[in-house]
1. With a 1.4 Å probe and every protein chain kept in, tell me what percent of the accessible surface of the chain is carbon plus sulfur.
2. Using a 1.4 angstrom probe with every protein chain in place, what is the largest-first accessible-area order of Lys180, Lys89, Lys15?
3. Can you give me the relative contact order of the stretch 1-138 as a percent, contacts being Cα pairs under 8 Å and 6 or more apart?
4. Taking amide hydrogens as modeled 1.01 Å from N in the peptide plane, which residues meet the under 5 Å criterion relative to Asn100, leaving out close sequence neighbours?
5. Give the ranking of Met187, Met1, Met30, Met168 by solvent-accessible surface, highest area first, calculated with a 1.4 Å probe.
6. Can you tell me the accessible area per residue over the stretch 1-156, all protein chains present, probe 1.4 angstrom, in square angstrom?
7. Along each principal axis of its Cα atoms, how long is the stretch 1-128 end to end? Whole angstroms, biggest number first, please.
8. State the antiparallel share, in %, of DSSP beta bridges confined to the chain, rounding to the nearest 5.
Amino acid sequence: MGKVEQYLLSARKRKAGLIFVLIDSEVSKMKESVKLAKNVERLGAAAILVGGSSAINQLEMAQVVRTIKKSVKIPIILFPGNVTGVVPKADAILFSSLMNSENPYYITQAQALGAPTVLKFGLEPLPTAYIIVGEGTTAWFVGSARAIPFDKPGIAAAYCLAAQFLGMRFVYLEAGSGAKQSVRPEMIQAVRKVFKGFLIVGGGIRDAKTAATIVKAGADAIVIGTLLEKENDSLKKLAEIANSLKNNRK
């Protein structure tokens, strides 16, 4: 277990729910990304994810990581959609298998291609089961996912239990960037009953009430991304989300 994983587990004990902020290197401009990183750190974000399902410009992504790293103290964790998302200078990487993909490339082949680079760059791998819930998002399309229906919590729980038996210490339930709805509390509760590791939930989280409900259901961390890209008062909403989690301690 590396430093970032130890940090996340320690932070989980102190807070009701952690906030991960996703910065898409293809959407955000450099100055905006740095400013955003500083602001979200100030508001209490536990880590910054850099990546995205369609990130293909490796040089640009590497520059974003390098620049943000100089500006904040919280961990920078890569969230790669492909091998092009493995770049140097980050603290860790969600070393993920898209377990419900119908394309074996996203289950094991991309991981085999990317692993030597992860080792070369000295990135801390966080063994993660990445599971797509619902259809119609970029992650669903690019990853050729056989998406789990929102109203089938038992299927999600089975995948997460399998991930645990395979030795994965993280699960990321993903409704997808810009999703019309978030993962339902019933599904998170079902997963929490069987999965003992670190549970991340993302997609469709746009307000404090939704965030608090997801954390109360059992999520260890929530991922905020599209909200910060598109909402004019996004930092205000992020502050409201952070406050709602503080007031929702387990």
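1. Carbon and sulfur atoms account for 54 percent of the accessible area of the chain.
2. On the way: Lys180 195, Lys89 120, Lys15 85 Å².
Most to least solvent-accessible, the answer reads Lys180, Lys89, Lys15.
3. Taking the mean separation of contacting Cα pairs over the length of the stretch 1-138, I get 20 percent.
4. Placed amide hydrogens put Ile132 under 5 Å from Asn100.
5. Met1, Met30, Met168, Met187
6. Values: 7270 Å² over 156 residues.
Per residue, the stretch 1-156 has 47 Å² of solvent-accessible surface.
7. Projected onto the principal axes, the Cα atoms of the stretch 1-128 cover 40, 34, 27 Å.
8. Details: 1 of 37 bridges.
For the chain, the DSSP antiparallel bridge percentage is about 5.
The values are calculated or read from the model by the stated rules, or taken from the named source; none is laboratory data. These numbers come from a predicted model, not from an experiment. Glycine gets a Cβ as well: all are built from the backbone with ideal geometry, and neighbour counts include every protein chain shown. For accessibility, only protein heavy atoms count, side chains too; no ligands or nucleic acids. Shrake-Rupley method; radii C 1.70, N 1.55, O 1.52, S 1.80 Å.
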